[in-house]
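The structure appears right after this line, and notes come after that.
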2 protein chains.
Amino acid sequence: MNLRVPGPTPCPEDVLEAMSRQMINHRGPEFKELIVRVTERLKTLFQTENDLFVLTASGTGVMEAMVVNALSPGDHVLGVSIGAFGDRFATIAETYGAQVERLAFDWGTAADPKLVAEALEKDPSLTAVMLTHNETSTGVTNDLQALAAALRGARPDVLIMVDAISSLGSLPCSVDAWDLDFVGTGSQKGWMVPPGLAMVSISTRAWQAVEQAKMPRFYFDLTKAKDFLEKSQTPWTPAVSQFYAMDVALNTLIAEGIGGIVERHVGLGEHTRRGVKALGLELFAADEASASNTVTAVKVPDGVDGGALNKMMREEYGVVMAGGQAKLAGKIFRIGHLGWASVEDLDATFDALRQALPRLGYQLPEAAQVR
Amino acid sequence: MNLRVPGPTPCPEDVLEAMSRQMINHRGPEFKELIVRVTERLKTLFQTENDLFVLTASGTGVMEAMVVNALSPGDHVLGVSIGAFGDRFATIAETYGAQVERLAFDWGTAADPKLVAEALEKDPSLTAVMLTHNETSTGVTNDLQALAAALRGARPDVLIMVDAISSLGSLPCSVDAWDLDFVGTGSQKGWMVPPGLAMVSISTRAWQAVEQAKMPRFYFDLTKAKDFLEKSQTPWTPAVSQFYAMDVALNTLIAEGIGGIVERHVGLGEHTRRGVKALGLELFAADEASASNTVTAVKVPDGVDGGALNKMMREEYGVVMAGGQAKLAGKIFRIGHLGWASVEDLDATFDALRQALPRLGYQLPEAAQVR
């Protein structure tokens, strides 16, 4: 199968092999070496000297970890949303008692740094801002650098919490240079590792917030993670296999370097957008400049059944795409191109679309018709 | 290495092989089949027709899941503890605002069903009881059947929440017959699967509690897990690899049957206790009748340095034992014999102890001296 969902992403052979290694004592010397090696290299790719922790959870877990460690019930926070995952971040904070001022941008668009900064300026009671770096549900990437700069301009000490789940390890994200307080990501994205680990960095400013934060937390308590990392352990039994896999994936990623990683994803993103547009299809991103280089959302053409398209692509052409989430169900399909993805994988996807779409009533543009 | 910690436990070859399978779409048809097959067979081994969910987390995560789904801040609950994990269960509940009446028994002893029932009867405001089935930190197994019966006798509708992390899949635990409301376990124990999954069953009575329960929850929200399981999915991206592994491990466990699984662990437990006693060592369990059949805690003999013993065992004999936790650090060592453990693994452990202990100043009994 050509797995083109935006996570879990396909894993390279050596990463999968590492998954099958025998267990070790997670409180013993081998694991100590492993966690140190993994953590240090993750910091390199996060471009941070902040503390960084690896949790056993999926992406939603790390969003919750950021919320419960940063905030107290009753806190006023700004929840900037450009899609389903931005909404989820806000909902998690509300679930734990935060008062979230929701600033929603139309799905398909990026957040406007000016409007975000204005919202923050308007309400001095806001102490934190929740941002999505790359919105997996709409295939749109926020200009995180500009957002962070605008926020810092408006309020230098505001707490900036970033869902970087489908961006970090793929798209540019300079945690320290952009002065980001909490930044979370998940192993099953650009990291090319099976799901099960979530990674989060936390700044000095963020630690001050943690000390004040009163939301209840135990499993996701980063203070416990810090205490245990000082002895090169995790507080609870970690997903040891995914640690092995991350260790191997990091060999590749570190060798490639941040520049190479970013360039690769830019190339894959551009190739995907060219490919779908050549089929006469429309990007869901309102402005191509903010279209994501990790996942492309494409409008299901009028008259075509989106569910039937995804089913046919999978069953008859071996291409597994993602559908739309929430209010976009049936209206878009999504092609993941993060992590271990190649131009060939994407070309095979376009070929399959070129064959499947006409069978579902879509008229291909002249130039795209099967020769 | 002879990995003799009480989890993560060694995994059989076919389970490890399954860990290295390529990723699939967690919202697609292959995963649907997988989660249905895994969930149904887990229910067989839980001996339950209750709902059962597989979470991506380690054991502490499932303890938290039980607490936050069952309780509201301010609830009065009875926290029965016979060791570090019983204490942890109570602490989690307190962290989320429950008023925990702690009923602690001496470490090394089991909980007395009569005293537990009396504590419940004495305080009609108690609505739930938290129990540890097998206390990994002390190597003692509670008589869960007797405890549940005594509690039901005292208060038929009390909520019974069970940490069965290191018991289920190894020791007798009849969830429905014993009328247990929340029962949680973890993949890295008797299940012979790497850490990363936690499984929890929830009774009809427990669902009524969930409806009333006001503790905040999102990642561990079992209502969301139920909604998604209805479409054979998980709410968040699951640890797909551990699902593959669990699927394979369940082939073995189901073929063996509950009777076989229990008998195997009884045999391993008895063999371990015989082995350590033959070396003149003392069990930490005050009463051998309650000594655990998944992990044996042994007193470090007077004059021997517990840390040095574990280090020598690992470095010079290739046997990885666990030390003591919390107040037992340095005072006991622990031998895990759950899951994929054999009499040969244990004999190798005794042989190593027979050689290591005298080097650390211990006088072996005549009969145990190396021939």
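The values are calculated or read from the model by the stated rules, or taken from the named source; none is laboratory data. Quick caveat, the model's predicted, so the values are computed rather than measured. No Cβ is skipped: glycine too gets one built from the backbone with ideal geometry, and neighbour counts run over all protein chains shown.
Looking only at the stretch B:182-195, decide whether some residue is under 22 Å from the mean Cα position of the chain (by Cα), basic (Lys, Arg) and under 30 Å from A:Gly186 (Cβ atoms).
Checked against the condition, which is being under 22 Å from the mean Cα position of the chain (by Cα), basic (Lys, Arg) and under 30 Å from A:Gly186 (Cβ atoms), the stretch B:182-195 yields at least one hit.
Within the stretch A:33-58, restricting attention to residues that are over 22 Å from B:Ala198 (Cβ atoms) and in contact with a Lys or Arg (Cβ under 8 Å, 6 or more places away or on another chain), which residue is farthest from the other protein chains (Cβ to nearest Cβ)?
Among residues in the stretch A:33-58 that are over 22 Å from B:Ala198 (Cβ atoms) and in contact with a Lys or Arg (Cβ under 8 Å, 6 or more places away or on another chain), the one farthest from the other protein chains (Cβ to nearest Cβ) is A:Glu49.
Quick one: would you say B:Val240 is within 12 Å of chain A (Cβ to nearest Cβ) and surrounded by 17 or more Cβ atoms within 10 Å (Cβ to Cβ)?
yes
Mind counting the residues in the stretch A:74-91 that are part of a loop (DSSP other than H, G, I, E, B), under 24 Å from B:Ser72 (Cβ atoms) and not small (Gly, Ala, Ser)?
Of the residues in the stretch A:74-91, 1 are part of a loop (DSSP other than H, G, I, E, B), under 24 Å from B:Ser72 (Cβ atoms) and not small (Gly, Ala, Ser).
Kindly provide the set of residues from the stretch B:3-24 that are at the interface with chain A (Cβ under 7 Å from one of its Cβ atoms) and within 17 Å of B:Ser342 (Cα to Cα), ordered by number.
The answer is B:Leu3, B:Val5, B:Gly7, B:Pro8, B:Thr9, B:Pro10, B:Cys11.
In this structure, does B:Gly83 turn out to be more than 11 Å from chain A (Cβ to nearest Cβ) and more than 22 Å from B:Ile254 (Cβ to Cβ)?
Yes: the conditions hold for B:Gly83.
Could you check B:Trp191 against (1) of a type in the set (Phe, Trp, Tyr); (2) touching a helix residue (DSSP H, G or I) at 6+ places or on another chain (Cβ under 7 Å); (3) more than 15 Å from B:Thr39 (Cα to Cα) and say which number it fails?
B:Trp191 satisfies all of (1) of a type in the set (Phe, Trp, Tyr); (2) touching a helix residue (DSSP H, G or I) at 6+ places or on another chain (Cβ under 7 Å); (3) more than 15 Å from B:Thr39 (Cα to Cα) except (3).
Of (1) in contact (Cβ under 8 Å) with a residue 24 or more places away in the chain; (2) under 30 Å from B:Thr9 (Cβ atoms); (3) not in a loop (DSSP other than H, G, I, E, B), A:Ile335 satisfies all except one. Which?
Here A:Ile335 meets the rest and fails (2).
Among (1) within 27 Å of B:Ala245 (Cα to Cα); (2) surrounded by 24 or more Cβ atoms within 10 Å (Cβ to Cβ), there is one condition A:Asp247 misses while meeting the rest; what is its number?
Of everything listed in (1) within 27 Å of B:Ala245 (Cα to Cα); (2) surrounded by 24 or more Cβ atoms within 10 Å (Cβ to Cβ), A:Asp247 misses just condition (2).
Let's see how each residue does on (1) in contact with a helix residue (DSSP H, G or I) (Cβ under 8 Å, 6 or more places away or on another chain); (2) facing chain B (nearest Cβ under 9 Å); (3) buried (at least 19 other Cβ atoms within 10 Å of the Cβ); (4) farther than 18 Å from A:Val158 by Cα:
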residue	(1), (2), (3), (4)
A:Pro195	yes, yes, yes, yes
A:Met199	yes, no, yes, yes
A:Ile202	yes, no, yes, no
A:Arg205	no, no, no, no
A:Glu211	no, no, no, no
A:Lys214	no, no, no, no
A:Asp227	no, no, no, yes
A:Pro235	yes, yes, yes, yes
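Quick one: which of A:Glu101, A:Glu94, A:Glu118 is surrounded by fewer than 23 Cβ atoms within 10 Å (Cβ to Cβ), out of contact with any Cys (no Cβ under 7 Å at 6 or more places or on another chain) and not in a helix (DSSP H, G or I)?
The match here is A:Glu101.
Could you list, in sequence order, the residues of the stretch A:42-72 that are surrounded by fewer than 18 Cβ atoms within 10 Å (Cβ to Cβ) and part of a helix (DSSP H, G or I)?
A:Thr44
Looking only at the stretch A:258-273, decide whether some residue is within 14 Å of another protein chain (Cβ to nearest Cβ) and not small (Gly, Ala, Ser).
no
Does any residue in the stretch A:300-315 that is on the phi < 0 side of the Ramachandran plot and in the same structural domain as A:Leu353 (by TED's automatic domain parsing) come within less than 6 Å, Cβ to Cβ, of a residue that is assigned to a loop (DSSP other than H, G, I, E, B) and crowded, with 21+ Cβ neighbours inside 10 Å six or more places away or on a different chain, and which pairs are these?
Filtered contacts from the stretch A:300-315: A:Gly306/A:Val300; A:Asn310/A:Met321; A:Met313/A:Met321.
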